[in-house]
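The values are calculated or read from the model by the stated rules, or taken from the named source; none is laboratory data. Bear in mind the structure is a predicted one, so any value in this text is a computation, not a measurement. All Cβ positions, glycine included, derive from the backbone under ideal geometry; neighbour counts span all protein chains shown. Ligands, DNA and RNA are excluded from the accessible area calculation, which covers all protein heavy atoms including side chains. Shrake-Rupley method; radii C 1.70, N 1.55, O 1.52, S 1.80 Å.
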Amino acid sequence: MTGTDPGIRGARTAAAKTLRELPGLVRAWPDHDRGMVFERRDAAGLLRAGRIDVEGRVRTLAYAEDPALPELSPQLLHQQSGSRLVVHRAGRRAVVISTDRVHKLLRAGRAARLADPRAARPFLRAGLRTPEVLDRSPSRLDLELLPGRALHDLGDAGLPGWQRLAELWPGVPRPEALPEHTGADEAKVLNRWYRQAHALGVLDTAGASPAGLGDAVGRVSALLCEPGDPPAASHRDLHDGQLLWDGTTLSLLDLDTAALAEPGLDLGNLAAHLDLARIQGRFGAAGHAQVGSILEDLGRELADESRLSVYYLASRLRLIFVHAFRPGAAQWLPAWASESIKLAASPTTAWTTRTTTGG
């Protein structure tokens, strides 16, 4: 897996051009070889999902409707006052928040896997709170609405939540009956993101050559595939938006991807998102340094430095390809991509190098 393929298109495509011109764009994702799916706000402020095919043609779904999500409907939002549609990824999932619960709407048959109690068990044992399952069907999962605000939104004010994480995270059990996610699996994830972003022509916002990014992806992927640390129970998508702090309790959300993986996977992803918060202006220099020190201490306790470096870089590179599909990234993404390529030149020392760069 080198990340470079001369057959992949690099120039902006019709789909990418349409995406950039889409009014009210919130987020977008690659849709395999079919183009992209997106969320946008319409003139009334409603969250609308849709698709852009590879030729740049747009199809926007009706509000809160999706043929692939049988239990998503406007009626669901009207059942309780104040209900909000906060996520709608066309054909994949939607999330509605009401006064006391979170409704996850999925394709038929997908909800059972997300309700597996084994996913929450290791984190509950460590003292983290996770949402209880209140109700379910084959295509819907109703979860407890937990108190607090995401560390992503709290910024510098979330420091006590990060300190609580440092107290609890080492207690997450290592042996657990969860699916395995290896370094080679993570390399596949990284390569898939690169290939899709490159093929769909969105990497122009990164301000770096696709070949340079591909070389960095290849270098990091090769190291991910080498033998690493013993696996532990891992969230596998751990970032500051998944952690809620209410001043007393730290809660962990979205355990859909929980697995046995190297500890560096979660810690590297947290560190990459922390540095992203700094370059986006959501963290001040002092707060960034304090939380960075917390993660460094956790890293010394739980993982080998070289593995932390490789997983940190994998997360950092993946964030380039994720945000290349989103509005506003052009303001900071070129600096982030340039720094990422520099760090990838010495991939086994990036964990310590990042402490001086701050993203």
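Fully extended, how many nm does the chain gain between residue 257 and residue 78 (0.36 nm per residue separation, minus their Cα-Cα distance)? Walk me through the intermediate numbers first.
Details: separation 179, 0.36 × 179 = 64.44 nm, distance 3.04 nm.
Length difference between fully extended and current span is 61.4 nm.
For the chain, return all DSSP H helices satisfying: extent of Cα atoms along own axis at least 15 Å; mean Kyte-Doolittle hydropathy at least -0.5.
Values: long enough: 183-199 (24 Å, -1.03); 210-224 (21 Å, 0.91); 263-279 (25 Å, 0.49); 285-302 (25 Å, 0.10); 305-323 (27 Å, 0.39); 333-344 (16 Å, 0.50).
Taking the DSSP H segments of the chain (at least 15 Å long, mean hydropathy at least -0.5), we get 210-224, 263-279, 285-302, 305-323, 333-344.
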Spacing of the two label points (7 Å from each Cα toward its C-beta) at residue 134 and residue 346, in nm: 5.2
Nearby lysines by direct alpha-carbon distance to residue 188 (threshold 25 angstrom, same-chain neighbours under 8 apart not counted): 342
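Find me the longest stretch of the chain that has none of the exposed GluC sites (Glu not before Pro), where exposed means in a DSSP loop (not H, G, I, E or B) with at most 13 other Cβ atoms within 10 Å. Mind dumping the intermediate values first?
Working: sites that count: 55, 132.
Value returned for the longest uninterrupted segment is 133-359.
How do 240, 156 stack up against each other in accessible area, from largest to smallest, with a 1.4 angstrom probe? Please report the intermediate quantities before stating the final value.
Values: 240 5, 156 75 Å².
The residues order as 156, 240, largest area first.
Ignoring any ligand, DNA or RNA, what whole percent of the accessible area of the chain comes from carbon and sulfur when the probe is 1.4 angstrom? Before the final figure, lay out the partial values.
Values: 7510 of 15000 Å².
Percent of accessible area from carbon and sulfur atoms in the chain: 50.
With only alpha-carbon atoms in the gyration tensor, what are the semi-axes of the equivalent ellipsoid for the range 34-107, in Å, largest first?
Numbers: eigenvalues 105, 33, 16 Å².
Rounded to whole Å, the semi-axes are 23, 13, 9.
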Label-point gap, in nm, between residue 156 and residue 112 - each point 7 angstrom along Cα→Cβ: 5.1
Compactness relative to 2.2 N^0.38 Å, alpha carbon Rg of the range 57-200: 1.25
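Quick one: grab the alpha carbon gyration tensor of the range 85-163, order the square roots of its eigenvalues as a ≥ b ≥ c, and give me rounded if a/c is under 1.5, else prolate or oblate depending on whether a/b is larger than b/c. Write down the numbers at each step before the final one.
Working: a/c = 2.27, a/b = 1.46, b/c = 1.56.
Since a/c reaches 1.5 but b/c is at least a/b, the shape of the range 85-163 is classed as oblate.
Which whole-number percent gives the relative contact order of the range 276-359, counting Cα pairs below 8 Å spaced six or more residues apart?
Working: 58 pairs, mean separation 35.8, N = 84.
Normalised by residue count, the contact order of the range 276-359 is 43 percent.
Among DSSP beta bridges lying fully in the chain, give the percent that are antiparallel, nearest 5.
Around 95 percent of the beta bridges assigned by DSSP in the chain are antiparallel ones.
Would you calculate a helix-derived [θ] at 222 nm for the chain, using -39,500 (n - 2.57) for each DSSP H run of n ≥ 4 and dividing by the full residue count, to the nearest 500?
Details: 13 runs with 143 residues, N = 359.
Helix-only estimate at 222 nm: -12000 deg cm²/dmol.
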Solvent-accessible heavy-atom area per residue, rounded to whole Å², over the chain at 1.4 Å: 42
